[in-house]
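The values are calculated or read from the model by the stated rules, or taken from the named source; none is laboratory data. All values reported here derive from a predicted model rather than from experimental measurement. As a convention, Cβ positions derive from the backbone with ideal geometry for all residues, glycine included, and neighbour counts pool all protein chains shown. For accessibility, only protein heavy atoms count, side chains too; no ligands or nucleic acids. Shrake-Rupley method; radii C 1.70, N 1.55, O 1.52, S 1.80 Å.
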Amino acid sequence: MTRTDFAQSAVASIFTGAIASHAAVLADDLGLFDALAKGKLRNRDLDRSPWLRNRIRISGALEALCRVGAVQRCTDGYELTDVGTELAGQVPVFRLWLGGYASVLAGQISIGADPATGVHGGIVAESSGAIGARYLDETIVNLLESLRPEGRICDIGCGTGARLLRVCRRVNQPGIGYDLSAKAVEAARETVDEARRIGVDIDVRQGDATALTQDHPDVDIVTQAFMTHHIAPDEYCAAVLRSYRSRFPRARYLVIFDTVPSQDSEEPEIFAPGFDYIHALQNMEPRSRGAARRMFTEAGYICREEVELAVPNSYAWVLEMRDREGPAS
Ligand SMILES: C[S@@+](CC[C@H](N)C(=O)[O-])C[C@H]1O[C@@H](n2cnc3c(N)ncnc32)[C@H](O)[C@@H]1O
């Protein structure tokens, strides 16, 4: 599957429709369909009461509905389409099955959120790992190999640790992974056992990127995949990234992989509608590519390379950890 297949696949409509189905019920709960039935919803109105309080969730719902043609963007806001008018009339059907039976639906595939993150960490880690294995890992392993690792690789937010193992095997170096979620660390146990069987030195620990206390002078490369957007606001994230210079005093590179929000997309797509909508529901606004680059600079890093990845809106940034004049103190 190439990059454009995320939009062109027949599965794109199924995936985007699933997200939009939820967004339709939320839009109705937030009063958006009633407001849109009366006319345009202007951006400047959305920035005021009564909408402002739910601004991020409202944008998330409207953008999800744009993807299925129920709402369309106009010069200064959003308007309802004919499909949207029909959808608004059918919301009770969506609410009955998705809302009334939400716990039945969730209970079939996901039981018990991880208290540290509020999400099912095991499912996030396993699914992320599976997406990565299919679309990203070969590129990521090649990129890290090109940096000629000279010591331990540390992967922060490592999920199942499967990519860490792949990297360590390829570059013949030991590894350490940290993840906030106890369920992800539990899922990583299998990877650690497999590593042991094949003679690769890997350890996975529960730990919060924002509060790492142990110093790792043997680490040469730090990676952080698909979680930096959870560390906000920018000044705080910059401070966390800056702290890595002390935690990993001899590391040469910090390599960050992350996804950025879609820019006014109107097409069904696999992956991105989920990323955009779920983070809006979490009241989060993941940083744009430009904002990420500015934040790395604020954290004192020089971006040596930026690579666009196969998963939509996703990039790798290779950041130099040492000052030009020598190792970090
Ligand atoms: C989307 S998953 C990505 C997992 C893996 N890096 C990958 O690329 O497949 C994000 C992971 O980051 C972890 N995470 C989120 N915030 C974290 C934090 N503050 N410190 C450590 N791990 C964190 C989550 O528990 C989750 O396993």
Mind grabbing the accessible area of V240 for me, 1.4 Å probe, Å², rounded to tens? 10 Å²
Carbon and sulfur %, accessible surface of the chain computed with the full protein complex present, 1.4 Å: 51 percent
Give the ranking of E285, E194, E269 by solvent-accessible surface, highest area first, calculated with a 1.4 Å probe. E285, E194, E269
All other residues with a Cβ under 11 Å from the Cβ of R289 taken together, and with Lys, Arg as +1 and Asp, Glu as -1, what is their net charge? 0
Dipole magnitude (debye, nearest 20) for the range 235-280, charges at Cβ of Lys, Arg, Asp, Glu: 880 debye
Compute the accessible area per residue over the chain, keeping the other protein chains in place, probe 1.4 Å, unit Å². 49 Å²
Describe numerically, in nm with one decimal, the distance between label points set 7 Å from Cα along Cα→Cβ at N43 and at T213. 4.6 nm
Which cross-chain or sequence-distant (5 or more) residues have an amide H under 5 Å from the amide H of G77, H modelled 1.01 Å from N in plane? N43
Find how much the distance from S127 to Q72 grows on full extension, using 0.36 nm per residue of separation minus their present alpha carbon separation; answer in nm with one decimal. 16.7 nm
Of the DSSP H helices in the chain, those whose Cα atoms cover at least 27 Å axially and whose Kyte score averages -0.5 or more: 11-29
Listed highest first by mean packing, meaning other Cβ atoms within 10 Å per residue, what order do 167-179, 288-300 come in? 167-179, 288-300
Report the local net charge at T117: Lys and Arg +1, Asp and Glu -1, summed over other residues whose C-beta lies under 11 Å from its C-beta. -2
I'd like the antiparallel share, as a percent to the nearest 5, of DSSP beta bridges with both residues in the range 121-320. 40 percent
